[in-house]
Amino acid sequence: MDNYLFILFQYLVPKKLISEVIGFFAKSQNYYIKTFFIKNFQKKYNVNLKEAIYEDVELYPSFNSFFTRELKSESRPIEKNIQSIISPADGVVSQIGNINSGKIIQAKGIYFNLLSFLGNDKEYFEKFKEGLFSTIYLSPKDYHRVHMPIDGKLSKMVYIPGKLFSVNKITTRTVKNLYSINERLVCFFDTVRGPMSVVLVGAMIVSGITVQWEKGNCFNKGKIKRFIYPSIGKDSVFLKKGDEIGRFMLGSTVVICFGKNKINWSSNISINSVVKMGQRVGKF
């Protein structure tokens, strides 16, 4: 019964307004506001600041800067094998496997539509519709920067406005097409293993998604925005394995897609596996 009340609550409350209000406080550089949020959050979720470059909470100018804290390089070593695929983020593998006829499993017996998930990009839908995917859920205590699973050149990016449902286990088991209706940012890359998409999915209380190659928040809320990037020249974007793609201002989910038979997921990675950014999760 509690689960149904939780879902009903999400349908009824003004999710965008709540996220905007939380976002306002998360960006605040007022000493008392940011200290209150950081210290209470760290205590509640037992955040390990020994991994971070700045271990003292007083050194963070805002809650957002704390939440998206940079880690020491030795805290997240990058798997160096040239044929390895690494986890793009810290989190838990909520689903992993094959894409079947353009449908991706969300939870047992529930699927979401790949075409709408990718912003109705038919070119990439055709490349991924029988491919492979992995979904990683980032909990509040996790490191919240997203990195490249493999070397790649950015070809397109699509910002898709949408709902802001929570993406925890209760919601993924209840709300159909959850990832296809939530706000998301789809990044398409060309790699040595063909096309790859890395999709950052927003959720309730996520106050923003940013990427390294676009300054500030370039996304128009409520309006789809598409970006095309050249393969050469000053505006081209090439990222090596482990380079930062972007970050969540509060937690959510990352979904990776590859084409059919382009990679193999590691045998020790399965549903509910805890992963760290830089850890090997697949190979080719």
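The values are calculated or read from the model by the stated rules, or taken from the named source; none is laboratory data. Predicted, not measured: the structure shown is a model, and the values here were computed from it. Heads up, the Cβs are rebuilt from the backbone with ideal geometry, glycines too, and the neighbour counts pull from every protein chain shown. Calculation scope for accessible area: heavy atoms of the full protein, side chains included, ligands and nucleic acids excluded. Shrake-Rupley method; radii C 1.70, N 1.55, O 1.52, S 1.80 Å.
Between exposed GluC sites (Glu not before Pro) in the chain, where DSSP calls loop and at most 15 other Cβ atoms lie within 10 Å, what's the longest gap? All intermediate terms of the calculation are to be shown ahead of the outcome.
Numbers: sites that count: E55, E70, E130, E214.
In short, 131-213.
Only helical runs count toward this figure. For the chain, summing -39,500 (n - 2.57) over DSSP H runs of n ≥ 4 and dividing by all residues gives -6000 deg cm²/dmol at 222 nm.
On a per residue basis, the stretch 23-114 carries 56 Å² of accessible surface, using protein heavy atoms and a 1.4 Å probe. Measuring r between the beta carbons of N30 and K141 and using R0 = 25 Å, the FRET efficiency lands at 0.55.
The translational diffusion coefficient of the chain, from Stokes-Einstein at 25 °C and 0.890 mPa s with a Kirkwood hydrodynamic radius over alpha carbon pairs, comes to 128 µm²/s.
For the stretch 29-106 versus the stretch 133-151, the inter-centroid distance based on Cα atoms is 8 Å.
Starting from the amide H of D243, placed 1.01 Å from N in the peptide plane, find each other amide H under 5 Å away whose residue is 5 or more places distant or on another chain. So D243 has HN proximity to M148.
What the phi angles of the stretch 107-120 give under the Karplus curve with 6.51, -1.76 and 1.60, with θ = phi - 60°, is a coupling list of 7, 3, x, 10, 10, 10, 7, 5, 4, 5, 4, 8, x, 6 Hz, glycine and proline written as x.
Please give the length that would be gained between Q42 and I228 if that part of the chain were fully extended, namely 0.36 nm times their separation in residues minus their C-alpha to C-alpha distance (nm, one decimal). Kindly include the intermediate steps, with their values, before the conclusion.
Values: separation 186, 0.36 × 186 = 66.96 nm, distance 3.91 nm.
Residue separation times 0.36 nm, minus the Cα-Cα distance, leaves 63.1 nm.
Per atom type, the stretch 152-284 shows carbon and sulfur on 51% of its accessible surface, probed at 1.4 Å. Once a ≥ b ≥ c are taken as the square roots of the eigenvalues of the Cα gyration tensor of the stretch 79-127, is the result rounded (a/c under 1.5), prolate (a/b larger than b/c) or oblate (a/b not larger than b/c)? Cα axes put the stretch 79-127 in the oblate bin. Note on N81 and E244: the extension gain reaches 56.8 nm, defined as 0.36 nm multiplied by sequence separation minus the Cα-Cα distance.
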